[in-house]
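A short worksheet on the structure shown next.
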Amino acid sequence: MIGTPVHLQERRVFNVSEERNRQARKQLWLPSRFVIVEASPVLNYFSGLGVVQIPLPPGEFLVGMQDPAGARRFGMVRFEGIHDLEGWEEQA
């Protein structure tokens, strides 16, 4: 089941599956009101020499989650049993 819109790398907008939201909430110890609003399989490190892009291992994403009041939490999540390309439906 595809639901909440999420921004995923390169400013493209996707809908994220409830299973991805469920796994992210569980791993980050967040209540059910939080949903993924940002996700990336690449960690951008801002050094004094510029931006270094570090690809994360397959299945791992840096996610930003938000609740209806606007509180945000960020963390690394490993999605189990979901291929990296599944559970994201690009918005037209």
| Which one is nearest to the chain's Cα centre (by Cα) among residues in the stretch 32-59 that are under 18 Å from Glu18 (Cα atoms), at pLDDT 90 or above and surrounded by 11 or more Cβ atoms within 10 Å (Cβ to Cβ)? | Ile36
| request: Name every residue in the stretch 66-92 that is modelled with pLDDT under 95 and hydrophobic (A, V, I, L, M, F, W, C), in order of residue number. | output: Phe79, Ile82, Leu85, Trp88, Ala92
| query | Has the stretch 16-32 got at least one residue that is within 18 Å of Phe79 (Cα to Cα), in contact with a strand residue (DSSP E or B) (Cβ under 9 Å, 6 or more places away or on another chain) and part of a strand (DSSP E or B)? | reply | yes
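The values are calculated or read from the model by the stated rules, or taken from the named source; none is laboratory data. This one's a predicted model, so the numbers in the text were calculated from it and none came from an experiment. Note: ideal-geometry Cβ built from the backbone for every residue, glycine included; neighbour counts use all protein chains shown.
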